[in-house]
Amino acid sequence: MKNDHEMFECRLCGHSVEHRQWGGGECIVCGSVSVGSLPTEEELDNFYHSFNKTYVGGGRSGGRNLIRYATKYLRLVQRYVGKGELIDVGSSRSPFPNIAVNAGFSVTVMDYVQPKELNSMVRFITGNLNNDNSFCTHVQMYDVVTAWAVIEHTLNPQLACRILSGICNPGGFVFLSTPEIGTYFTQSAVGRSGWFFPPEHLHLISPLSMKAILAENDCDLLEYGRIEINFFRYLARYGIGLIESIVGLLVKKLLPTQWKALREKRIQKFKGIMYYVFQKHGATLNNPVHPINNQCD
(Lines give C-alpha, C1' and ligand atoms only; values in the text may rest on other atoms or scores of the structure.)
Protein backbone atom coordinates (compact mmCIF):
# COMPACT_ATOMS: atom_id res chain seq x y z
CA MET A 1 0.00 0.00 0.00
CA LYS A 2 1.20 3.49 -0.80
CA ASN A 3 2.28 5.78 2.04
CA ASP A 4 0.83 9.23 2.69
CA HIS A 5 2.65 11.95 0.65
CA GLU A 6 3.99 9.40 -1.86
CA MET A 7 3.30 10.46 -5.44
CA PHE A 8 1.53 8.41 -8.07
CA GLU A 9 0.17 9.09 -11.55
CA CYS A 10 -3.37 10.31 -12.03
CA ARG A 11 -5.04 7.60 -14.10
CA LEU A 12 -7.24 10.14 -15.83
CA CYS A 13 -4.75 12.75 -17.05
CA GLY A 14 -1.29 11.42 -16.14
CA HIS A 15 -0.17 14.22 -13.82
CA SER A 16 1.40 13.52 -10.44
CA VAL A 17 -1.00 13.05 -7.52
CA GLU A 18 -0.15 12.96 -3.82
CA HIS A 19 -1.38 9.82 -2.11
CA ARG A 20 -3.43 10.62 0.97
CA GLN A 21 -4.23 8.60 4.06
CA TRP A 22 -7.82 8.01 2.89
CA GLY A 23 -6.57 5.74 0.11
CA GLY A 24 -6.31 7.91 -2.98
CA GLY A 25 -5.41 11.31 -4.32
CA GLU A 26 -7.12 14.29 -5.94
CA CYS A 27 -5.50 15.65 -9.09
CA ILE A 28 -5.05 19.42 -8.98
CA VAL A 29 -4.88 19.50 -12.80
CA CYS A 30 -8.03 17.64 -13.94
CA GLY A 31 -9.93 17.52 -10.64
CA SER A 32 -10.41 13.75 -10.71
CA VAL A 33 -9.76 11.33 -7.85
CA SER A 34 -7.78 8.11 -8.30
CA VAL A 35 -7.24 5.21 -5.93
CA GLY A 36 -3.64 4.86 -4.73
CA SER A 37 -3.34 1.08 -5.06
CA LEU A 38 -5.49 -0.76 -7.57
CA PRO A 39 -7.04 -4.12 -6.74
CA THR A 40 -6.33 -7.01 -9.10
CA GLU A 41 -8.83 -8.18 -11.70
CA GLU A 42 -9.26 -11.36 -9.65
CA GLU A 43 -10.07 -9.37 -6.51
CA LEU A 44 -12.68 -7.34 -8.37
CA ASP A 45 -14.09 -10.48 -9.95
CA ASN A 46 -14.59 -12.02 -6.50
CA PHE A 47 -16.08 -8.79 -5.15
CA TYR A 48 -18.66 -8.35 -7.92
CA HIS A 49 -19.69 -11.98 -8.02
CA SER A 50 -21.35 -11.36 -4.65
CA PHE A 51 -22.22 -7.68 -5.21
CA ASN A 52 -25.81 -8.14 -6.40
CA LYS A 53 -26.71 -10.16 -3.30
CA THR A 54 -26.40 -7.13 -1.04
CA TYR A 55 -26.77 -4.17 -3.42
CA VAL A 56 -29.98 -2.17 -3.01
CA GLY A 57 -29.00 1.26 -4.36
CA GLY A 58 -31.13 4.31 -4.88
CA GLY A 59 -30.72 5.75 -1.40
CA ARG A 60 -32.94 5.04 1.59
CA SER A 61 -35.94 4.08 -0.52
CA GLY A 62 -33.88 1.29 -2.06
CA GLY A 63 -35.47 -0.37 -5.06
CA ARG A 64 -38.11 2.31 -5.57
CA ASN A 65 -35.48 4.90 -6.41
CA LEU A 66 -33.70 2.44 -8.70
CA ILE A 67 -36.87 2.39 -10.79
CA ARG A 68 -37.11 6.17 -10.73
CA TYR A 69 -33.53 6.64 -11.85
CA ALA A 70 -33.94 3.98 -14.55
CA THR A 71 -37.01 5.80 -15.87
CA LYS A 72 -35.08 9.08 -15.88
CA TYR A 73 -32.26 7.42 -17.82
CA LEU A 74 -34.70 5.98 -20.37
CA ARG A 75 -36.22 9.41 -20.99
CA LEU A 76 -32.74 10.79 -21.57
CA VAL A 77 -32.01 8.07 -24.14
CA GLN A 78 -35.35 8.59 -25.88
CA ARG A 79 -34.59 12.26 -26.42
CA TYR A 80 -31.97 11.11 -28.93
CA VAL A 81 -33.09 7.70 -30.20
CA GLY A 82 -36.31 5.73 -29.92
CA LYS A 83 -35.32 2.23 -31.02
CA GLY A 84 -32.38 0.06 -32.02
CA GLU A 85 -29.75 -2.23 -30.55
CA LEU A 86 -28.88 -1.17 -26.99
CA ILE A 87 -26.29 -2.59 -24.62
CA ASP A 88 -26.32 -1.70 -20.93
CA VAL A 89 -22.95 -2.45 -19.33
CA GLY A 90 -22.72 -3.11 -15.59
CA SER A 91 -26.46 -3.13 -14.93
CA SER A 92 -26.28 -4.89 -11.55
CA ARG A 93 -29.88 -4.84 -10.25
CA SER A 94 -30.99 -1.75 -12.16
CA PRO A 95 -34.41 -2.15 -13.84
CA PHE A 96 -33.19 -0.02 -16.76
CA PRO A 97 -32.70 -2.97 -19.18
CA ASN A 98 -36.23 -4.22 -18.48
CA ILE A 99 -37.92 -0.87 -19.05
CA ALA A 100 -35.75 -0.25 -22.14
CA VAL A 101 -36.82 -3.56 -23.74
CA ASN A 102 -40.45 -2.79 -22.88
CA ALA A 103 -39.99 0.59 -24.62
CA GLY A 104 -39.02 -1.13 -27.88
CA PHE A 105 -35.21 -1.41 -27.75
CA SER A 106 -33.41 -4.67 -28.50
CA VAL A 107 -31.45 -4.93 -25.24
CA THR A 108 -28.28 -6.73 -24.25
CA VAL A 109 -26.79 -6.63 -20.75
CA MET A 110 -23.15 -7.25 -19.89
CA ASP A 111 -22.08 -7.79 -16.29
CA TYR A 112 -20.22 -10.13 -13.99
CA VAL A 113 -23.39 -11.93 -12.90
CA GLN A 114 -26.82 -12.16 -14.54
CA PRO A 115 -29.40 -10.35 -12.40
CA LYS A 116 -32.25 -12.64 -11.39
CA GLU A 117 -34.74 -9.83 -12.13
CA LEU A 118 -33.72 -9.61 -15.82
CA ASN A 119 -36.55 -9.80 -18.36
CA SER A 120 -36.40 -12.95 -20.52
CA MET A 121 -36.40 -10.74 -23.65
CA VAL A 122 -33.06 -9.21 -22.59
CA ARG A 123 -29.94 -10.97 -23.83
CA PHE A 124 -27.23 -11.44 -21.18
CA ILE A 125 -23.49 -11.84 -21.78
CA THR A 126 -20.82 -12.23 -19.11
CA GLY A 127 -18.06 -9.61 -19.06
CA ASN A 128 -16.80 -6.30 -17.74
CA LEU A 129 -14.86 -3.18 -18.78
CA ASN A 130 -11.54 -4.11 -17.19
CA ASN A 131 -10.09 -5.83 -20.25
CA ASP A 132 -10.78 -6.23 -23.96
CA ASN A 133 -11.28 -9.99 -23.67
CA SER A 134 -14.84 -9.56 -22.44
CA PHE A 135 -15.89 -8.46 -25.91
CA CYS A 136 -13.73 -10.73 -28.06
CA THR A 137 -16.36 -13.48 -28.25
CA HIS A 138 -19.32 -11.09 -28.42
CA VAL A 139 -18.48 -9.05 -31.51
CA GLN A 140 -21.45 -6.82 -32.17
CA MET A 141 -22.05 -3.14 -32.66
CA TYR A 142 -24.79 -1.20 -30.92
CA ASP A 143 -26.79 1.91 -31.72
CA VAL A 144 -26.96 2.84 -28.02
CA VAL A 145 -24.32 2.08 -25.38
CA THR A 146 -25.17 2.86 -21.76
CA ALA A 147 -23.10 2.62 -18.58
CA TRP A 148 -25.02 4.08 -15.66
CA ALA A 149 -22.82 4.60 -12.57
CA VAL A 150 -20.23 2.15 -13.89
CA ILE A 151 -17.05 3.97 -15.01
CA GLU A 152 -16.07 4.80 -11.42
CA HIS A 153 -15.90 1.05 -10.67
CA THR A 154 -13.37 0.19 -13.38
CA LEU A 155 -9.64 -0.41 -13.04
CA ASN A 156 -8.82 1.82 -16.00
CA PRO A 157 -11.46 4.43 -17.00
CA GLN A 158 -9.60 5.22 -20.21
CA LEU A 159 -9.74 1.57 -21.29
CA ALA A 160 -13.38 1.35 -20.22
CA CYS A 161 -14.33 4.35 -22.35
CA ARG A 162 -12.36 2.99 -25.30
CA ILE A 163 -14.32 -0.27 -25.08
CA LEU A 164 -17.65 1.55 -24.87
CA SER A 165 -16.81 3.68 -27.90
CA GLY A 166 -15.50 0.64 -29.75
CA ILE A 167 -18.83 -1.23 -29.60
CA CYS A 168 -20.87 1.84 -30.61
CA ASN A 169 -21.99 2.15 -34.22
CA PRO A 170 -20.82 5.23 -36.15
CA GLY A 171 -23.42 7.88 -35.44
CA GLY A 172 -24.59 5.95 -32.37
CA PHE A 173 -24.76 7.22 -28.80
CA VAL A 174 -22.90 6.61 -25.56
CA PHE A 175 -24.75 7.53 -22.36
CA LEU A 176 -22.95 7.67 -19.01
CA SER A 177 -23.64 8.70 -15.44
CA THR A 178 -21.06 9.03 -12.70
CA PRO A 179 -20.47 10.72 -9.32
CA GLU A 180 -19.78 14.45 -9.48
CA ILE A 181 -16.21 15.59 -8.84
CA GLY A 182 -13.99 18.42 -10.04
CA THR A 183 -16.74 21.07 -10.01
CA TYR A 184 -17.58 24.13 -7.92
CA PHE A 185 -19.56 21.97 -5.49
CA THR A 186 -16.64 19.65 -4.76
CA GLN A 187 -13.39 21.61 -5.10
CA SER A 188 -13.78 24.08 -2.23
CA ALA A 189 -15.90 22.19 0.30
CA VAL A 190 -14.51 21.47 3.74
CA GLY A 191 -14.08 17.75 3.17
CA ARG A 192 -13.43 15.24 0.44
CA SER A 193 -16.05 13.41 -1.63
CA GLY A 194 -18.04 10.63 -0.02
CA TRP A 195 -18.31 8.92 -3.40
CA PHE A 196 -14.79 7.50 -3.08
CA PHE A 197 -14.88 4.08 -1.40
CA PRO A 198 -12.69 1.32 -2.86
CA PRO A 199 -12.96 -1.44 -3.91
CA GLU A 200 -16.31 -0.27 -5.26
CA HIS A 201 -15.58 3.28 -6.44
CA LEU A 202 -11.95 3.36 -7.59
CA HIS A 203 -12.00 6.60 -9.61
CA LEU A 204 -14.07 9.76 -9.57
CA ILE A 205 -13.98 11.38 -12.99
CA SER A 206 -14.27 15.12 -13.52
CA PRO A 207 -16.14 16.62 -16.50
CA LEU A 208 -12.78 17.79 -17.87
CA SER A 209 -11.42 14.24 -17.86
CA MET A 210 -14.60 12.60 -19.11
CA LYS A 211 -14.86 14.90 -22.10
CA ALA A 212 -11.17 14.49 -22.96
CA ILE A 213 -11.24 10.68 -22.76
CA LEU A 214 -14.31 10.30 -24.97
CA ALA A 215 -12.97 12.86 -27.46
CA GLU A 216 -9.86 10.69 -27.81
CA ASN A 217 -12.20 7.82 -28.70
CA ASP A 218 -14.05 9.55 -31.54
CA CYS A 219 -17.05 10.69 -29.51
CA ASP A 220 -18.49 14.21 -29.53
CA LEU A 221 -20.11 15.58 -26.38
CA LEU A 222 -23.73 16.50 -27.05
CA GLU A 223 -24.98 17.20 -23.56
CA TYR A 224 -23.98 16.91 -19.93
CA GLY A 225 -25.33 18.07 -16.62
CA ARG A 226 -26.62 17.03 -13.23
CA ILE A 227 -29.35 14.46 -12.83
CA GLU A 228 -31.89 13.84 -10.09
CA ILE A 229 -35.22 12.02 -10.01
CA ASN A 230 -37.31 15.06 -9.11
CA PHE A 231 -37.03 18.82 -8.60
CA PHE A 232 -37.27 18.75 -4.80
CA ARG A 233 -34.49 16.18 -4.42
CA TYR A 234 -32.42 18.28 -6.82
CA LEU A 235 -32.92 21.38 -4.68
CA ALA A 236 -32.05 19.50 -1.49
CA ARG A 237 -28.95 17.82 -2.91
CA TYR A 238 -27.49 20.88 -4.59
CA GLY A 239 -28.62 23.26 -1.87
CA ILE A 240 -26.41 21.27 0.51
CA GLY A 241 -23.61 21.41 -2.05
CA LEU A 242 -23.94 25.17 -2.43
CA ILE A 243 -23.84 25.78 1.32
CA GLU A 244 -20.81 23.52 1.76
CA SER A 245 -18.93 25.16 -1.09
CA ILE A 246 -19.61 28.72 0.20
CA VAL A 247 -18.54 27.78 3.73
CA GLY A 248 -15.50 26.03 2.27
CA LEU A 249 -14.46 29.08 0.30
CA LEU A 250 -14.64 31.24 3.42
CA VAL A 251 -12.65 28.77 5.51
CA LYS A 252 -10.11 28.32 2.73
CA LYS A 253 -9.59 32.08 2.49
CA LEU A 254 -9.48 32.83 6.22
CA LEU A 255 -7.98 29.62 7.62
CA PRO A 256 -6.13 27.86 4.79
CA THR A 257 -4.15 25.50 7.03
CA GLN A 258 -7.26 24.35 8.88
CA TRP A 259 -9.14 24.03 5.59
CA LYS A 260 -6.49 21.70 4.21
CA ALA A 261 -6.51 19.56 7.36
CA LEU A 262 -10.30 19.30 7.37
CA ARG A 263 -10.27 18.55 3.66
CA GLU A 264 -8.32 15.37 4.43
CA LYS A 265 -10.25 14.27 7.52
CA ARG A 266 -13.86 15.22 6.81
CA ILE A 267 -16.26 13.80 4.25
CA GLN A 268 -18.61 16.37 2.72
CA LYS A 269 -22.37 15.78 2.76
CA PHE A 270 -22.86 16.67 -0.91
CA LYS A 271 -22.97 13.75 -3.36
CA GLY A 272 -23.96 14.89 -6.84
CA ILE A 273 -24.61 12.76 -9.92
CA MET A 274 -23.65 13.78 -13.45
CA TYR A 275 -24.74 12.46 -16.83
CA TYR A 276 -23.10 12.66 -20.25
CA VAL A 277 -24.39 12.10 -23.79
CA PHE A 278 -21.83 11.43 -26.51
CA GLN A 279 -22.22 10.64 -30.19
CA LYS A 280 -19.76 8.47 -32.06
CA HIS A 281 -18.27 10.08 -35.16
CA GLY A 282 -20.09 9.16 -38.33
CA ALA A 283 -23.53 10.75 -38.04
CA THR A 284 -25.37 10.87 -41.35
CA LEU A 285 -27.74 13.38 -42.94
CA ASN A 286 -30.57 11.02 -42.00
CA ASN A 287 -29.54 11.14 -38.34
CA PRO A 288 -28.37 14.68 -37.50
CA VAL A 289 -27.93 15.73 -33.89
CA HIS A 290 -27.24 19.25 -32.71
CA PRO A 291 -25.08 19.61 -29.57
CA ILE A 292 -26.70 21.16 -26.51
CA ASN A 293 -24.61 23.54 -24.43
CA ASN A 294 -25.37 22.62 -20.82
CA GLN A 295 -22.48 23.83 -18.68
CA CYS A 296 -22.24 22.65 -15.06
CA ASP A 297 -19.85 25.17 -13.53
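The values are calculated or read from the model by the stated rules, or taken from the named source; none is laboratory data. Because the structure is a prediction, the values reported are computed rather than measured. When we count neighbours, we look across all protein chains shown, and the Cβ atoms used for this are built from the backbone with ideal geometry, even at glycine. Only protein heavy atoms, including side chains, enter the accessible area calculation; ligands, DNA and RNA are left aside. Shrake-Rupley method; radii C 1.70, N 1.55, O 1.52, S 1.80 Å.
The table below lists the values:
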| item | result |
| --- | --- |
| Residue count, region 159-175 (criterion: outside any strand (DSSP E or B) and over 19 Å from ASP45 (Cα atoms)) | 6 |
| Matching residues in region 213-256 - criterion: being open to solvent by 40 Å² or more (accessible area, probe 1.4 Å), charged (D, E, K, R) and under 20 Å from the mean Cα position of the chain (by Cα) | GLU216, ASP218, ASP220, ARG226, ARG233, ARG237 |
| Residue selected from region 6-21 under the condition out of contact with any Cys (no Cβ under 7 Å at 6 or more places or on another chain) and assigned to a loop (DSSP other than H, G, I, E, B), by the criterion surrounded by the most Cβ atoms within 10 Å (Cβ to Cβ) | ARG11 |
| Restricting region 197-212 to residues that are surrounded by 23 or more Cβ atoms within 10 Å (Cβ to Cβ) and of a type in the set (A, V, I, L, M, F, W, C), the residue that is farthest from the chain's Cα centre (by Cα) | LEU202 |
| Filter result for the condition that a residue is within 19 Å of the chain's Cα centre (by Cα), surrounded by fewer than 20 Cβ atoms within 10 Å (Cβ to Cβ) and either part of a loop (DSSP other than H, G, I, E, B) or among the aromatic types (Phe, Trp, Tyr) (or both), over PRO39, PRO115 | PRO39 |
| Residue match in region 155-178 (condition: touching a residue at least 40 places away in the same chain (Cβ under 8 Å), open to solvent by 10 Å² or more (accessible area, probe 1.4 Å) and over 21 Å from LEU222 (Cβ atoms)) | yes |
| Residues of region 120-157 satisfying the condition of being in a loop (DSSP other than H, G, I, E, B), at pLDDT 90 or above and among the hydroxyl-bearing types (Ser, Thr, Tyr) | SER120, THR154 |
